[in-house]
Amino acid sequence: MSFGLEELTDYRDNVNDSAFAHNIITYRKYKTRNLYQLNPLLVSDGINEYEYSNSNYVNAYLNDEYSNLKGLPVLKSTNELKLMVLKKVFNNFINDPQSNIYPKFELVAEFEYRTHNNGIKNIKSNVYKSKDSFVRVDRNENAVLILGSVILPPFKSKKKESKRNIQVLDLNDLKPRPHNSSHHNGDTIEGFICFKSEVITVLNGYYYFYDLQMIDKNNIENTYLVDVLSDKVVFWEAEYNKLPDFIKEQIDPYNFVPVDKSGIISQAMSAMQLEVDWNWDKKLSPEYMLANLIRERVFNRAIDMGLTFIEPKNEAEFKGFILKVESLTNVKLEKFNSASVDVKQLINIRNGANMDKSVNDLKLLYQKYCYAIQMEYKK
């Protein structure tokens, strides 16, 4: 890559060295091997490296979405081609000359051809120049040498945003409207996207749930505002747009428009986002009050244990939840009134005893447990 063909021989006098990259692929010394790598000057924030799993090139991946999932391989090879470079890595460097996006590198393909075939009669020594190419031919009695450089066309620097086939409830009047794919910051016209409660089974595989946040299991710095209610899961449109496309593909079929729009989000979410209430956490449901407290005090340990605040579907899930919370908070069930029916039931669940509890009763017991632990743990 260069700033133009003319700089290929005298760039040190005309171009800042720190901004100049010639070879797209370079070598990196790793133990006793040389690994191919993308030129370090072309490595952006979206490129992450993983354990070296082959003996030919660095194991690097590009992810240009908000969520820091593994993404696409920067370098790869096939049986036919020794090494290929992901085109997307050049998006921030190669731009239309007429645009106002910088820097404006050019991608140049350099080639060399040699032959000792004296049968080539029509080629003479010469230099050929055009706006987009430079070719030099050297011929003698025994050989022909052809050297050249050709500028490849610029790439588009932005990926095209695509609207999704979902319904958004506009914040102002709660009337359905089409999806706005370019909305990412919450400063434009906001809206709500509702999903049926069953969507949790999909999201739970990729995210931890704490108070009003959904946290990426691959990178806990990636968080999304989400409201998990008894009859639905609600995203702000800007938060939904940050989700990786492959997640959207899985959850979009669960999108729906509620008949009753009176409680579209929880009191806590409304207090946090619409009322700017500093005490929004006081309006959380009991399980999310505990989640908020654990996130503030022992979040890293909780994540290491895989603790997430999703309503348990059965006693086995509830047992695992209780054991993790007891380990984190050191608040045992025996600390409470052991004569209480609720405490006896919780101890039985924790100890794996068989019980005949309906889902509704299990939910109420789950909320009572979270409230009691939260009250004791915050002392």
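Please go through the residue pairs LYS217/LYS335; LYS261/LYS378; LYS261/LYS363; LYS217/LYS379 and name each one whose alpha carbons sit more than 27 Å apart in this structure. Too far apart for the 27 Å limit: LYS217/LYS335; LYS261/LYS378; LYS217/LYS379.
Length available on full extension from ALA109 to LYS379: 0.36 nm per residue minus the Cα-Cα distance, which gives 90.5 nm. The fraction of accessible area contributed by carbon and sulfur in region 190-347 is 49 percent, rounded to a whole number (1.4 Å probe; ligands and nucleic acids excluded). At an R0 of 35 angstrom, the distance between the Cβ atoms of TRP278 and GLU334 translates into a FRET efficiency of 0.45. Model label sites at LYS313 and TYR371, defined 7 Å from Cα along the beta-carbon direction, differ in position by 2.7 nm. With the cut-off at 29 Å, tell me which of the pairs LYS87/LYS232; LYS29/LYS82; LYS282/LYS332; LYS163/LYS324; LYS175/LYS283; LYS70/LYS368 have Cα atoms farther apart than that. Violating the 29 Å Cα-Cα cut-off are LYS87/LYS232; LYS163/LYS324; LYS70/LYS368. In terms of its alpha-carbon gyration tensor, region 206-300 comes out oblate; a/c meets the 1.5 threshold, while b/c is at least as large as a/b. Net charge of the neighbourhood of TYR50, taken over other residues with C-beta under 15 Å away and scored Lys/Arg +1, Asp/Glu -1, is +1.
For the peptides 322-334, 77-89, the ranking by mean Cβ contacts within 10 Å, running from highest to lowest, is 322-334, 77-89.
If you wrap the tightest convex hull around every Cα atom of region 287-368 and split its volume per residue, you get 90 Å³. The charge dipole of region 236-344, taken about its Cα centre with unit charges on the Cβ of Lys, Arg, Asp and Glu (plus for the first two, minus for the last two), comes to roughly 460 debye.
Summed over all non-identical Cα pairs, the Kirkwood treatment of region 139-282 gives a radius of 17.6 Å.
The values are calculated or read from the model by the stated rules, or taken from the named source; none is laboratory data. Please read all numbers here as calculations on a predicted model, not as lab measurements. Here Cβ is always computed from backbone atoms with ideal geometry, including for glycine, and neighbour counts include all displayed protein chains. SASA here: full protein model, heavy atoms, side chains in, ligands and nucleic acids out. Shrake-Rupley method; radii C 1.70, N 1.55, O 1.52, S 1.80 Å.
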